[in-house]
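Please treat every number below as a calculation from the coordinates, not as lab data. None of the values given here were measured: they were computed from a predicted structure. Glycine also receives a Cβ, built like all others from the backbone with ideal geometry; neighbour counts cover every protein chain displayed.
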Amino acid sequence: MGNFMADVDPKAGLDRVDGKLKVTGAAKFSAEYTPDKLTYGIVVASTIAKGKIVALETKKAEGAPGVIKVISHLNAPEVPGYNTGKEPAKEPTGDQPLRVFYDNKIYFNGQPIALVIADTLERAVYAASLVKARYTKEPFNTNLEKNLAKAAAPKQDRATYLRGEAFAYKNAPVSVEAQYVLAREVHNPMELHSIIAIWEGEDKVTVYEKTQGVKSTQQSIMDTFKLEEKNVQVISKFVGGGFGSALRTWPHSIAAVIGAKVVKRPLKLMLSRDQMFTMVGYRPYTWQKIGIGATSDGKLTGITHEAVGETSSYEEFTEGVVNMSKFMYACPNVNTSYKILPVDLSTPTWMRGPGEATGSWALESAIDELAYKLNMDPLELRLRNYAETDPERNLPFSSKYLKECYEAGADKIGWKKRNPAVGSMNDGAWKVGYGVSSGTFGAYRDKATVTAKLSDQGILTIECAVSDSGPGTATSMTELASKTMGLAPGKIEFQLGDSKMPEGPTQGGSATTSSLGSAVYEACGALKLKLLTLASKEGSAFAGLPPEGVSFSNGEMSLLSDSNKKISITDILKQNNLPQLELTITSEPGKSSQGFSMYSFSVHFVEVRVHPLTGVVRIHRAVAVSDAGKIVSPKAAHSQAIGGVVGGIGMALTEEAIIDDRYGRYVNNNFADYHVPVNADVPNIEAIFINKPDPYTNPMGSKGLGEIALIGFAAAVGNAVYHATGKRIRELPITPDKILG
Ligand code: MOS
C-alpha cells in the first residue's frame, strides 16, 4: 500500500491567512461593530408550543429605563414581502416562511413574539424579562416516534425509489431488518447568531450578519422588504462556525431589520445560547428502518430503506436521508421511501453532512449487522458489493477511490490485526472494539464570479461575495491562486464577506472549493494569458508563444524551453505602463461534467474502549479517509477532516436536544446539558487523503470534503461498540444507559 499522504502533508500547507486576526481578537465578527447611536434588541420568545396570543403585556417593559421600543405583531409595521394573503402560506414563501410579528399565531415554543429595543444591552435584557404574553393553547405534538403513521411523502418527493423488486430482502437466504433512531441535534456553533441592521432612509439598509451566504442573505432581505439589490448590503467578514445554521435568513434577523427601521437607529441583535436551540434550525429527529438481504456468500440481493423525519407545521423541510442506499452498493433490488411529519417545532435545517449523515448511520449499521450474521468481515462484505458504476443512474462515476479509502484506512488502524470475534478484545477493565463505515456525498459545483486585480507591485487581489463559516475559504483560495499564479501566498489577498463583491455561492453542500476555486483558477489562467500577450511584443523571447510554452513561478514568467529567459510580472506591467491588470471571470460547470455521477467518498475506522461497569464509550483512535479528489489546501483539508470527526463524536455519543413533549420545550438548551465533544472526548484523529484528481468535477480535480468528513462516522462507532461488547445500539447517541440497559 503506497503512502497516500505523500503530497497531502498538513504541515506543508498554508497557515490560516486570517488565523492571527482570529486568535488575537482583531477579527471583527458580526456583533462586534459599533455604529453610532447603536441600539440593542432582545427577542422575547413564546412559552407555549401552539395557540394564539390573546394579550401581550408590554407596558412595564416600555417604561423600563432606556427602553426605546417594544415591537410585536400588535404594532409592527407592514412588511411588504409578507403581503401574500391573510394566512401564512403552508408552502415555503421563498426564504422567509415564518413571518415574524405578522399575527398572533404560535407555531412552536420559543417562537419570537416581541423585540425589546433599548439603549444598552443590559437594559434590553432586563426589559425583555418584563414582557408577558397570555395565550389560548391548542393541542400540539412534538413527538415524531409516537406519530410515525401520520407521516406522509413530501410534496416534492424525490425519495420514493424502486430498482428491481421491492422488499426483496425478505426472500433472501440471509437478512437483517432493523430500526434506527437519530436524536435531534442542534448546530450550536461557538459564535451565537447575530446581526446589526443600519437603515439609511426608507429604502436602503446595511447589515452585518452571521451568514454562510452574503448574497443569499441579501436576497432574503430584498424579498422581505421589497428593496433593490443596490440598496441592500450584507457584510459578513468572519463567521464563528455555522455547520448549516447560517445557511438561511431566520426570523430573528428579519426582526432586527424591522426593529432598526422602526427606531430609525442601528440595531444589534444577538441570540442567547438557549435561543440557538429554537431559532436557527436543527438536525431533525429521524426514524429509519433498513432491510438488507444477501446470499450466504455475501452478495446483496435487496436493500429497503424507509425513513421518517421531522418538519415544522408551517414549512416543508426535506433532506437526502435515503439517497445513499440507492447507489452505494451493487444490488439488483433497492426500494426507498422518505416521509416527513409536521411537528410543532421550528423548521429544521441542514446540519453538516445533512440527511446523508442520518441515512449513512442506518445503512452502514445495517451492513455491519449483516456482516456479523454472515460471519464475514464487514470490510469484505462492502468490497464484495462494491459499485464500480452508479447503479441508480446507470452512469460511470466521474471518479471513485472508495476501495483505496478502505485499504488505506484498514492499514492505518490495523484492521487485519484485530481479533474479529465479538467481545474478544480487552485493555485492562475496558472492552476494545473496531468499527468501519463508509460515506458519500454529491460532488457539487455552483456558479461563481471573481474579480482579480494584479498590481505592478506584484500583488494579486481577488474578491468574491462569499463568506467563510470556518473551513478556511480565504486560505484555500490564496493557496490555490498562489500555486496557479506562481506567486508567493504573501503576495495574494483574497477578500470576501461583502454582498457588493462579485456574486459568489452560499457556503454549503461542500461546494465552495469546487465553485469558487474554479473561478479563481480560471481568473489566474486569464491573467497569465494577458501577461503573456503583453510580453509577446515583437522581438521578445515570448513572441508567438502559446500559453503552454511558459511557466510562472516566484512572480516571474519564464520560457519552458529555456528557464533562463524570464521576466518578472511587475516588469511586464511597468513596461506596458499598466498600474494593474483587472478582470472579472464567471465560472460554472461545463458540459464535461455531464454523463457522470459525481460523488465524494469517505471511510471511517474507529477503535473504541467500552467500560462494562459504567457503560462509558471512549473513542480511542479514529482514522478518517477521504476521496475528495485533488486536495487544494492541505492544512485546511486536514482541519475539515478532523473537524468532521469531532462533530461525528457528538452525533455518535453525546448530542441530543431533548424536548419535554408535555410542553414542547427543550429541557437541555444549554452547553452544560447538551453535550458537544470537548477535548477530553476527542482522541488523536488521523486523516488520510487519496488525493487523486477527478477529471470531470472542475479544473482542480477537487471534490467536496466538509460533509463526507462526518458522514458515516456515527455508524463506525456503533459498529465498534458492537464488536467490543456484542451490544447493538440502534438509537443515537450511544449513551451509557443504553450500553448498560
Ligand atoms: Mo452545510 S449543512 O451545507 O452548511
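So here's what we get for this one:
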{"quantity": "Protection proxy ranking of 351-359, 379-387, 97-105, 43-51 - average other beta-carbon atoms within 10 Å, highest first", "calculated": "351-359, 43-51, 97-105, 379-387"}
{"quantity": "Positive-end extreme of charge dipole, the stretch 360-501 - chosen from T451, F494, A387 (charges on Cβ)", "calculated": "A387"}
{"quantity": "For V466, distant residues with modelled amide H under 5 Å away", "calculated": "G497, D498"}
{"quantity": "GluC sites (Glu not before Pro) within the stretch 227-309: DSSP coil, no more than 13 neighbouring Cβ in 10 Å", "calculated": "E228"}
{"quantity": "Helix runs (DSSP H) in the chain reaching 20 Å along axis by Cα, Kyte-Doolittle at least 0.0", "calculated": "512-535, 634-649"}
{"quantity": "Built amide H within the under 5 Å cut-off of H620, gap 5+", "calculated": "E607, V608, R609"}
{"quantity": "Positive-end residue, the chain charge dipole about Cα centroid, Cβ charges, pick of N147, P80, I198", "calculated": "N147"}
{"quantity": "Kirkwood-based Rg to Rh ratio, the stretch 446-588, C-alpha trace", "calculated": "1.00"}
{"quantity": "Order of F542, F167, F671 - criterion: other Cβ atoms within 10 Å of each residue's Cβ, fewest first", "calculated": "F671, F167, F542"}
{"quantity": "P(r), alpha carbons of the chain - 10 Å bins starting at zero, rounded %", "calculated": "3, 14, 23, 24, 19, 12, 5, 1, 0"}
{"quantity": "Extension gain (nm, one decimal) between K137 and H675, 0.36 nm per residue minus Cα-Cα", "calculated": "190.5 nm"}
{"quantity": "Alpha-carbon centroids, the stretch 484-521 and the stretch 524-601: separation in whole Å", "calculated": "18 Å"}
{"quantity": "Protection-proxy order for peptides 263-272, 341-350, 713-722, each taking the mean of Cβ atoms within 10 Å per residue, highest first", "calculated": "713-722, 341-350, 263-272"}
{"quantity": "Packing-based ranking, highest mean first, of 316-324, 565-573 given that Cβ atoms within 10 Å are counted", "calculated": "316-324, 565-573"}
{"quantity": "Of K447/K530; K59/K261; K50/K132; K339/K373; K20/K574; K28/K204, those spanning more than 25 Å from alpha-carbon to alpha-carbon", "calculated": "K339/K373; K20/K574"}
{"quantity": "Potential lengthening between N554 and E388 on full extension [0.36 nm per residue; Cα-Cα distance subtracted]", "calculated": "55.5 nm"}
{"quantity": "Candidate aspartates and glutamates for bridging to K565, where Cα separation is under 12 Å - those fewer than 8 sequence places away on the same chain excluded", "calculated": "E556"}
{"quantity": "Q495-T614 pseudo-label distance in nm [points 7 Å out on the Cα-to-Cβ vector]", "calculated": "5.4 nm"}
{"quantity": "Candidate aspartates and glutamates - alpha carbon under 15 Å from K146, same-chain residues fewer than 8 apart omitted", "calculated": "E310, D344, D660, D661"}
{"quantity": "Helix-only CD estimate at 222 nm, as mean residue ellipticity for the chain, using -39500 (n - 2.57) per DSSP H run (n ≥ 4)", "calculated": "-7000 deg cm²/dmol"}
{"quantity": "Dipole magnitude (debye, nearest 20) for the stretch 446-588, charges at Cβ of Lys, Arg, Asp, Glu", "calculated": "320 debye"}
